[in-house]
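In what follows, a structure is listed as C-alpha cells, so that the remarks can point back to it.
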Amino acid sequence: MYEDILEYAIDKANVDYAEIRIQKVEENSILFVNGSLKGVESIKKEGFHIRVLNDGMLGFSFSNSLRKESIIEALEKAEKMARARIHHAIGLSDEKMERARYYVRGRRAELDEKIEWLKDIDSMAKEHSRNIFYSDTMDERYYANSHGAMIISKIPRIAMNYLITVEDERIEQMGREFGNAGGWEKIPSWKVEENMSHDIEFMKKMMKKAEKFRGKGDIILGPYVTGLIAHESCGHPWEADRIIGREAAQAGKSFVNESMLGEKFASEVINVVDDPTIKGSYGFYLYDDEGVKAEKRYLIKNGIINEFLHNRETAFLMNTKSNAAARAVYGREPIVRMANTYFEPGDYRFDEMVEEIKNGIYMKTYMEWNIDDTRYNQKYVGQEAYIIRNGEISGIAFHPAIEITTPAFYKKVDAAGRTLEFYPAVCGKGDPMQGIPVTTGGVDLRLRDVMIK
Amino acid sequence: MIDYTIKLLEENDVEGIVRLAKSTEKQVRFYNEKIEIIKEWNELIMHIFMAKGKKTISMEVDSPDKRKIKCAVERGIKLLPKMADVEFYGIEERNNFIDDKVFDESVIENDVMLSIAEDAINAGGEAGTVYSSIEEMEIANTNGSMNRDKNSMIYLSVRAFHYGSSGHEVSCSRSASKINALVAENAKEMAKKGVKARKGKEGKYDVILSPLAFANLLSNLAFFSSAFYVDSGYSFLAGKTGKKVASSELSIYDSGIERDGMFSRKFDDEGISTQETPVIENGILKSYLHNSTTAHRHGVRTTGNAGIVAPQPWNTVVGRGDKSMEELMEIGRDIIYITNVWYTRFQNYMTGDFSTVARDAVFHIKNGEWKAIKQIRISDNMERMLKNIEGVAKDAKQIFWWEVENPVFAPHVLIRDVNITTA
C-alpha cells in the first residue's frame with residue numbers, strides 16, 4: 001500500500017543511511033469507574049518517522065501528514081538536523097536486512113459487546129470501589145531503509161486492567177493487567193472473573209487475619225513477581241544503550257558493563273530469556289524496527305551473563321551483531337527494548353519448594369516495587385503473600401517486603417519451579433517516553449536466607 | 001476546519017467540543033558529552049467530543065481534512081446509540097480568560113537548542129536533553145463559543161557523573177532566554193561531592209528534599225488532587241476536603257495562568273478559562289481539580305482543569321517559604337539530604353503508603369559534617385510526610401523532566417522523621 005512512498009523517500013535520501021516507517025494505529029478504549037461508564041475513546045493515528053545517519057550524527061523527523069510533499073520536507077529536515085554536527089563514534093552494525101510481511105489475526109468485537117462484557121465484570125465487584133480500563137489497538141507498520149530492508153506488519157493487541165479497593169477496618173487494594181497480541185478471542189484465557197473474585201476474597205481474608213513477618217527467612221516468589229524481577233533487574237540492565245550511557249540522563253545507566261559478558265553472575269538454576277517471537281504474547285514481533293529478524297535471546301544462561309539486548313547502534317559500538325531489540329512506538333525513534341522477558345522453568349514442584357522451608361514467606365503478587373537507575377537496588381512489597389512454617393503454608397503474611405541488591409538476589413536463588421506463567425505490562429523508557437507492550441514471565445523461585453521486612 | 005466540524009455536529013443534533021492543536025516539538029539529546037541526535041515532531045490533531053443526552057464519545061483525527069472529519073463524525077454518530085449512559089451534565093460556562101503568559105517562538109530553533117546543549121556539556125554535563133515545543137490551539141463548541149491560544153516551552157535536563165557518583169539539574173521555562181545551561185555546573189559539583197559514598201543506614205531521619213526530589217512527590221500529589229483519581233480509588237486525599245492533610249507550613253496551588261509555567265493554558269479541554277486553584281492552604285485541603293462533570297458530582301464549580309474524562313493539573317506551585325537552605329540545615333538534627341528521587345510507587349493509593357528511590361548524590365549531615373551515602377529509599381506514607389514538613393525554603397524553581405511529567409515550582413523542604421530503608 002505504501003511501498004512506493006517508502007522507496008521514493010529512500011531514493012531521495014542523500015545521507016549515509018536513511019529509514020522510514022509509516023505507521024497507522026487505531027485505538028479504542030473504555031473506562032468504567034464504580035459501575036459508571038466514564039469514557040469511550042476512539043483514536044486513529046497515522047504518521048511517518050524518518051531517521052537518518054550522517055557522519056555519525058542522527059536526525060529524526062515525524063509528521064502525521066502522509067502527503068508526499070510532507071515526507072520529502074521531513075526528510076530534508078532530518079538530513080539538516082543530522083548535518084548540524086559531526087559525531088564520529090556512532091554507526092550501525094552490518095546485518096542481514098530482511099524483506100517480509102506478516103499479519104496477526106484477531107477478532108474485533110463491536111462496541112456494545114465490549115461494554116456488556118465490561119458491565120458484567122464490573123458488577124462482580126459492585127460492593128467495592130473499582131476502576132476498570134479496556135483497550136484494543138491495531139498497529140500497522142510499513143518500514144524500509146537504505147540498506148535494503150522492507151518490513152510490513154499488522155498486529156492487533158487487546159488489554160485490560162483493574163484496581164479494586166476493599167474497605168473495612170483498613171483499606172486494601174489489588175490490581176491486575178491482562179493483555180495479548182490478538183483480538184477478542186483472547187478474553188476467555190485471561191480468566192478475569194476468576195482472578196477478580198480471588199483478589200476480592202483474599203483482601204477480605206487479609207482484613208480479618210494477617211501476620212507480620214520480620215527478620216531473616218527463606219522466600220518463594222511466584223511467577224507474577226519473578227516476571228517483574230526478570231524485566232526490572234535483568235532485562236533493563238542488559239539493554240546495551242543503558243550500558244553505553246545513552247539513557248544516562250533519563251532511565252539511567254546499568255550496573256552491568258561490557259567486560260562482564262561471560263561472567264558467572266547468578267545461581268546455576270537461573271536462565272533468563274527475552275523472546276519476541278512467542279505467538280500471542282503482548283510483546284510479539286517477528287522483525288524489529290530496524291529490519292532485523294527477531295530471535296530468542298538468552299540474557300543469562302546457567303547463571304552466566306550470555307548476551308545483551310542490542311539494536312544496530314549499540315551493536316556497532318560494542319563490535320557485535322544486533323539481536324533485533326530495536327522497537328519503537330508511534331511517534332518515536334527505535335531504541336533498545338525488551339519484548340517477552342522471563343525466567344526459564346527449572347525442575348522443582350511448588351510443594352517441594354515449600355516442604356524444604358522451615359521459616360519463610362510465599363509472595364504471590366505485589367503492588368509496590370521500585371529499583372534504582374543502575375538496576376542494582378530493588379524493592380518488592382507483597383500483596384497476596386503467605387507465611388510458611390515447617391514446610392507448610394500457615395497463614396496470610398501482611399505486606400512482606402524485600403529490599404535486595406541484584407547480584408544478591410540472583411545468587412540466593414536455589415530452586416526454580418516447573419510452571420511458566422506470562423503477564424503483560426507496558427514498559428516505560430526513552431525520551432520522550434515510549435510505553436511499549438511487553439510480557440514479564442516467570443516461574444516460582446526460592447531464595448534462601450533473605451531479610452524480610 | 002473547526003467551523004466545518006461544529007456545523008456537522010449541529011446538523012446531526014449532537015452537542016460537542018472541537019479542539020484543533022498544531023504543534024512542533026524538538027529535542028536535542030546528548031550522552032558521553034556528545035550530541036547524538038536531533039528530533040522534530042510536527043502534528044496537527046483534531047479532538048472531537050460528542051454528546052447526545054447521556055451518551056458521549058471522544059474521537060481523535062490526525063492531520064484532519066473534510067473527508068476524515070466527516071468520516072469521524074459519522075462513525076461517532078453511529079457508535080453513540082451503542083453506548084451505555086455516562087455521567088454528563090453539559091459544559092459549564094466561564095469566560096474570564098487571563099493570558100499574559102510568555103510565548104517564545106525561538107524555543108524550537110536548532111541553533112538555540114544546540115547552543116544550550118553545548119553550553120551544558122562544557123559546564124560539566126555528561127548526558128541530557130534539551131526539549132522544546134510550540135503549540136497553537138483553537139477550540140469551539142456547539143454553544144457558539146470559540147477561542148485561540150498559543151504556548152511555548154523549553155527545558156534542559158542534564159546529568160553529570162564523577163567516579164560512579166552523579167548529580168542532576170534542570171532548567172525550565174516558556175522562553176529560551178531563561179534557560180540556564182550552567183546548572184550543569186551544580187550537577188557536576190554534586191557528583192563530585194557524592195563520591196566515595198557508603199551504604200546508608202535504615203532509620204528515621206530529618207530529610208531535606210531538593211526541589212528536584214520534592215517536585216517528584218508533588219507531581220504525584222497533583223494527580224491525586226484530580227477529582228477523577230479521587231473518585232477512582234487512586235488518591236489518599238479522598239474524603240478529606242476541609243481537613244488537615246499537611247503541615248501548616250505548606251500551601252499548594254494549581255495554576256493554569258502562571259506567567260512562565262510550562263503548562264499554562266488560556267483554556268482547558270472544555271474551553272473553560274483556566275485559573276489559580278488553591279489545593280492545600282496552610283495544610284488544609286481546600287479543593288480538588290475539576291472539570292464540569294466532576295464539579296457537578298461534587299457540588300462545586302469547575303476549576304478549569306478539564307481533561308474531558310479526568311481533570312488534569314497544569315502547573316503545581318508551592319506557596320513561598322520563608323527559610324534559606326542554611327536555615328533548614330540548622331532546624332534539622334540528624335539530616336539526610338536527598339538531591340533527587342525516582343520510581344515513586346504506591347502500595348496503596350488510598351492510604352498513601354509508598355516508596356521512592358534516592359537517585360544521584362545523597363548526603364548524611366550531622367553536626368555540620370557531610371558524608372556521601374548511597375543505596376537508600378524513602379519508605380513512608382505521603383500524608384504523614386506532608387504533615388511532618390517543618391521548613392519550606394524560599395528557593396522554589398520550576399521542575400520538569402522525564403520523572404516529573406507536570407511542571408512543579410518546588411523549593412527545598414525539611415521533613416521530620418522520614419523512614420529510610422536500604423537494600
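Couple of notes before you dig in:
- Flag for A:Asn340 being within 25 Å of the chain's Cα centre (by Cα), buried (at least 23 other Cβ atoms within 10 Å of the Cβ), polar (S, T, N, Q) and within 30 Å of B:Val28 (Cβ to Cβ): no
- Test: residue in region B:133-147 that is within 14 Å of chain A (Cβ to nearest Cβ), at pLDDT 95 or above and under 24 Å from B:Phe214 (Cα atoms): no
- Restricting region A:57-101 to residues that are buried (at least 16 other Cβ atoms within 10 Å of the Cβ), assigned to a strand (DSSP E or B) and small (Gly, Ala, Ser) leaves a set whose member that is modelled with the lowest pLDDT is A:Ser63.
- Which numbered condition B:Lys78 misses (of (1) charged (D, E, K, R); (2) facing chain A (nearest Cβ under 9 Å); (3) more than 30 Å from B:Arg301 (Cβ to Cβ)): (2)
- Contacts under 8 angstrom Cβ, first residue in region B:78-99 being outside the structural domain of B:His298 (by TED's automatic domain parsing) and among the basic types (Lys, Arg), partner modelled with pLDDT of 85 or more and not in a loop (DSSP other than H, G, I, E, B), 6 or more apart: B:Lys82/A:Leu111; B:Lys82/A:Asp112; B:Lys82/A:Ile115; B:Arg94/B:Ser273
One line per residue, one yes/no per condition, for (1) under 19 Å from the mean Cα position of the chain (by Cα); (2) in contact (Cβ under 8 Å) with a residue 24 or more places away in the chain:
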| position | (1), (2) |
| --- | --- |
| A:Lys296 | yes, no |
| A:Asn311 | yes, yes |
| A:Phe316 | no, yes |
| A:Gly331 | yes, yes |
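- Per the listing A:Lys68, A:Lys96, A:Lys114, A:Lys80, the residue uniquely touching a strand residue (DSSP E or B) at 6+ places or on another chain (Cβ under 8 Å) and more than 10 Å from chain B (Cβ to nearest Cβ) is A:Lys96.
- Qualifying residue in region A:172-192 (condition: in a loop (DSSP other than H, G, I, E, B) and charged (D, E, K, R)): yes
- Qualifying residue in region A:240-254 (condition: in a loop (DSSP other than H, G, I, E, B), more than 14 Å from chain B (Cβ to nearest Cβ) and buried (at least 24 other Cβ atoms within 10 Å of the Cβ)): no
- In region A:396-453, the residue that is farthest from the other protein chains (Cβ to nearest Cβ) out of those that are under 30 Å from B:Asn406 (Cβ atoms) and part of a loop (DSSP other than H, G, I, E, B) is A:Gly430.
- Selection status of B:Lys66, more than 19 Å from B:Gly144 (Cβ to Cβ), in contact (Cβ under 8 Å) with a residue 12 or more places away in the chain and exposed (fewer than 14 other Cβ atoms within 10 Å of the Cβ): yes
- Within region B:168-183, the residues that satisfy the criterion of being more than 16 Å from the chain's Cα centre (by Cα) and in a loop (DSSP other than H, G, I, E, B) are B:Ser175, B:Ile179, B:Asn180, B:Ala181, B:Leu182.
- Scanning region B:352-372 finds one or more residues that are under 22 Å from A:Gly175 (Cα atoms), in a loop (DSSP other than H, G, I, E, B) and not acidic (Asp, Glu).
- Residue list for region A:384-429, restricted to those being of a type in the set (S, T, N, Q) and under 18 Å from A:His231 (Cβ atoms): A:Thr405, A:Thr406
- Single residue of region A:358-395 satisfying the filter (outside any strand (DSSP E or B), within 14 Å of chain B (Cβ to nearest Cβ) and not polar (S, T, N, Q)) that is farthest from A:Leu163 (Cα to Cα): A:Tyr376
- Of everything in region A:257-284 that is out of contact with any strand residue (DSSP E or B) (no Cβ under 7 Å at 6 or more places or on another chain) and in a loop (DSSP other than H, G, I, E, B), the residue that is surrounded by the most Cβ atoms within 10 Å (Cβ to Cβ) is A:Thr277.
- Within region B:253-268, considering residues that are of a type in the set (Asp, Glu) and crowded, with 21+ Cβ neighbours inside 10 Å, the one farthest from B:Ser173 (Cα to Cα): B:Asp268
For (1) in contact (Cβ under 8 Å) with a residue 60 or more places away in the chain; (2) closer than 17 Å to B:Ala227 by Cβ, each residue gets a yes or a no:
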residue: B:Asp254; (1), (2): yes, yes
residue: B:Glu258; (1), (2): yes, no
residue: B:Phe263; (1), (2): yes, no
residue: B:Phe267; (1), (2): yes, no
residue: B:Val279; (1), (2): no, yes
residue: B:Lys286; (1), (2): no, yes
residue: B:Leu289; (1), (2): yes, yes
residue: B:Arg297; (1), (2): yes, yes
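- Flag if B:Gly144 is on the phi > 0 side of the Ramachandran plot, buried (at least 16 other Cβ atoms within 10 Å of the Cβ) and not assigned by TED's automatic domain parsing to the domain that holds B:Arg265: no
- The requirement of being surrounded by 21 or more Cβ atoms within 10 Å (Cβ to Cβ), farther than 27 Å from B:Glu105 by Cα and not assigned by TED's automatic domain parsing to the domain that holds B:Gln398 is satisfied by B:Ala187.
- Failed condition for A:Glu127, given (1) more than 10 Å from every other protein chain (Cβ to nearest Cβ); (2) surrounded by 14 or more Cβ atoms within 10 Å (Cβ to Cβ); (3) not aromatic (Phe, Trp, Tyr): (2)
- When residues in region A:211-226 are screened for being of a type in the set (Asp, Glu) and within 30 Å of the chain's Cα centre (by Cα), 1 of them pass.
- Test: residue in region A:361-372 that is surrounded by fewer than 23 Cβ atoms within 10 Å (Cβ to Cβ), without any contact (Cβ under 8 Å) to a residue 12 or more places away in the chain, closer than 30 Å to A:Asn195 by Cα and out of contact with any Cys (no Cβ under 6 Å at 6 or more places or on another chain): yes
- Restricting region A:152-187 to residues that are β-branched (Val, Ile, Thr) and surrounded by 21 or more Cβ atoms within 10 Å (Cβ to Cβ), the residue that is nearest to A:Val438 (Cα to Cα) is A:Ile158.
- Taken as a whole, the structure leaves A:Tyr330 outside the set of residues that are away from every other protein chain (no Cβ under 13 Å), touching a strand residue (DSSP E or B) at 6+ places or on another chain (Cβ under 8 Å) and aromatic (Phe, Trp, Tyr).
The values are calculated or read from the model by the stated rules, or taken from the named source; none is laboratory data. On a predicted model such as this, the values are computed, not experimentally measured, just so you know. Because the Cβ atoms are built from the backbone with ideal geometry, glycine has one as well, and the counts that use them run over all protein chains shown.
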